[in-house]
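Structure first, then comments.
The values are calculated or read from the model by the stated rules, or taken from the named source; none is laboratory data. As the structure is a prediction and not an experimental result, all values here were calculated from the model. Counting neighbours? That spans all protein chains shown, and the Cβs are built from the backbone with ideal geometry, glycine included. Ligands, DNA and RNA are stripped out before the accessible areas are found, and what is left, the full protein with its side chains, is counted by its heavy atoms. Shrake-Rupley method; radii C 1.70, N 1.55, O 1.52, S 1.80 Å.
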Amino acid sequence: MTGRASAALGIWRARNVRTSGDRAFLVYMVLMVALVTVAPVARAVWLSVTSAEGIAVFASDAAPGVTVLVVAGLWAGALLLGRDRGPALLAPFPTHALATSDLPRSGTFSGPVLRAGALVTALTTLVAGLIGGSLMSSGLAAPLGAVMFTAAGALVGVVATVAWLAGQAFPRAAVPVALGVLALGAVTAAVPVMQPFTPWGWVGLVYPGSGAPHTLAALTALTALLVAAVPVLMNRLGLAELMAQAARWDSATTHATGMDFGAAATMYQGRPHLGRRLRAVRPIRHRSAVFLIRDAIGAVRTPGRLIVGVLALAVAGTLITLAFAPAMPGWALGAAAGLILFAGLGPLTDGIRHAASVAADLTLYGISDEHLLANHTLFPLAVIVVVLLAVVVVCSIVAGIGAAAPLASSLALGLLALIARVSNALKGPLPPALLTPIPTPMGDLGAAVRMTWALDGVLLAASAGAAAALAFESPVLLIGVTVTLIGVGINRWGHRG
């Protein structure tokens with residue numbers, strides 16, 4: 001970053017002067033969070049990856065192929081993310097001041113790009129290090145192999161950062177390129193012979209125990225070439241795109257600070273553009289069919305969101321099926337399936353959010369609130385049944401396990417995730433009572449309670465996924481989660497409006 005840009009940003013940051021007491025409190029908070037939260041979570045993660053189940057997952061024959069697919073998905077996702085929220089991002093005012101100056105973008109926005117890249121690279125390096133350390137601790141990988149895979153993880157993070165920036169610089173080309181990367185990644189994972197000819201395949205060949213560490217040199221050369229192209233990409237960033245992303249991110253963070261994560265997510269919803277001349281509400285005798293067709297056409301008008309939602313449901317179905325495979329951490333896969341399923345239902349439940357927003361108000365369609373909400377649940381319910389049934393049956397055949405148990409658990413999880421979405425739509429703003437302090441011998445728990453309230457849908461969805469995976473071992477857990485979800489939903493329905 002140039003001296004003029006640094007001086008301008010220094011003036012901007014100096015508007016909120018921090019005293020020595022503020023800095024001391026920040027250091028105290030960082031230390032306490034590290035001791036109370038980070039250390040126990042890190043220990044739990046290490047114990048999980050070094051457990052018998054974790055080692056069995058990382059040492060399986062399919063692990064290198066899954067790594068190829070994950071890396072391709074990460075790079076494709078980075079391209080798509082850059083279209084809406086790129087790494088070259090500052091607050092709206094400094095963005096306008098610096099982007100309209102005579103300074104090059106490669107100097108004025110290098111700071112946020114470096115910080116974003118450092119975060120992404122640290123995460124990918126940590127994941128690769130955990131996998132390599134797990135295999136090395138069990139004697140299934142040599143120390144050199146674990147170190148080389150960790151280095152490959154760092155390179156994957158750097159490439160992901162460049163792809164993220166490329167998506168911001170070329171938003172129109174990001175979608176087809178990302179789809180091509182995903183398709184080639186799937187083909188490479190399915191046909192191992194292609195791994196030496198693709199960058200994501202090189203990562204799979206560096207996997208501990210794969211026996212082809214020389215591809216790390218090719219991955220390093222590719223990374224160096226991409227890093228050299230970063231200034232060119234940054235100088236192609238346009239003023240209008242930078243200002244739009246800055247304003248959108250500023251609004252999203254404002255909503256997130258107030259723990260209104262639903263409103264923050266709506267800032268990044270795509271605008272309907274497909275099938276605008278297609279009539280959504282049709283005069284059909286059966287009212288349920290009217291709502292079903294209306295919600296389906298409404299979802300089709302944002303095809304990107306619809307595809308992502310359906311893919312998320314497919315991934316959730318795959319995970320819940322694998323949870324029943326031998327030597328698999330069922331509860332962890334189930335929890336991940338619950339989270340992904342809850343997120344994937346977002347693009348399919350716009351009608352539910354509409355019904356919740358008009359509940360307890362004047363009837364718009366001459367029907368009760370209960371019937372309005374029930375009719376809007378038909379479309380997501382139909383998609384859940386169709387997608388999960390198809391995915392679970394196919395995955396059960398491929399994995400060679402019975403389909404009855406995964407089918408029952410996946411359908412139960414789909415219903416619970418839909419109930420969680422309905423409850424989340426009825427939640428409303430943060431209750432003022434939660435703003436009061438909650439003093440305890442361990443400190444004020446008010447912030448933790450507010451965060452739990454804000455993320456209750458996510459937490460309940462993860463719990464439902466774990467309970468669904470363990471339904472045939474401990475049905476009491478699934479019953480408890482079901483009762484909790486229904487109880488919360490009924491309470492919020494009674495207090496709507």
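Below, the figures for the structure above:
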{"read-out": "Lys, Arg +1 and Asp, Glu -1 on Cβ, resulting dipole of the chain about Cα centre, debye, nearest 20", "value": "1360"}
{"read-out": "Solvent accessible area, Å² - residue 300, 1.4 Å probe, full protein context", "value": "70"}
{"read-out": "Percentage relative contact order, the chain, counting C-alpha pairs under 8 Å, at least six apart", "value": "13"}
{"read-out": "In Hz, Karplus ³J(HN,Hα) per residue of segment 367-372 (6.51, -1.76, 1.60; θ = phi - 60°; x = Gly, Pro)", "value": "10, 6, 4, 4, 5, 4"}
{"read-out": "Contact order relative to length of segment 280-414, as percent, for alpha carbon pairs under 8 angstrom and 6 or more apart", "value": "29"}
{"read-out": "Full-extension gain in nm, residue 244 to residue 170, via 0.36 nm per residue minus C-alpha separation", "value": "25.2 nm"}
{"read-out": "Value of [θ]222 nm, deg cm²/dmol, for the chain, DSSP H segments ≥ 4, -39500 (n - 2.57) each, nearest 500", "value": "-23500 deg cm²/dmol"}
{"read-out": "Prolate/oblate/rounded label for the chain (Cα gyration tensor, a/c 1.5)", "value": "rounded"}
{"read-out": "Charge dipole (the chain, unit charges on Cβ, about Cα centre) - positive-most of 100, 188, 469", "value": "100"}
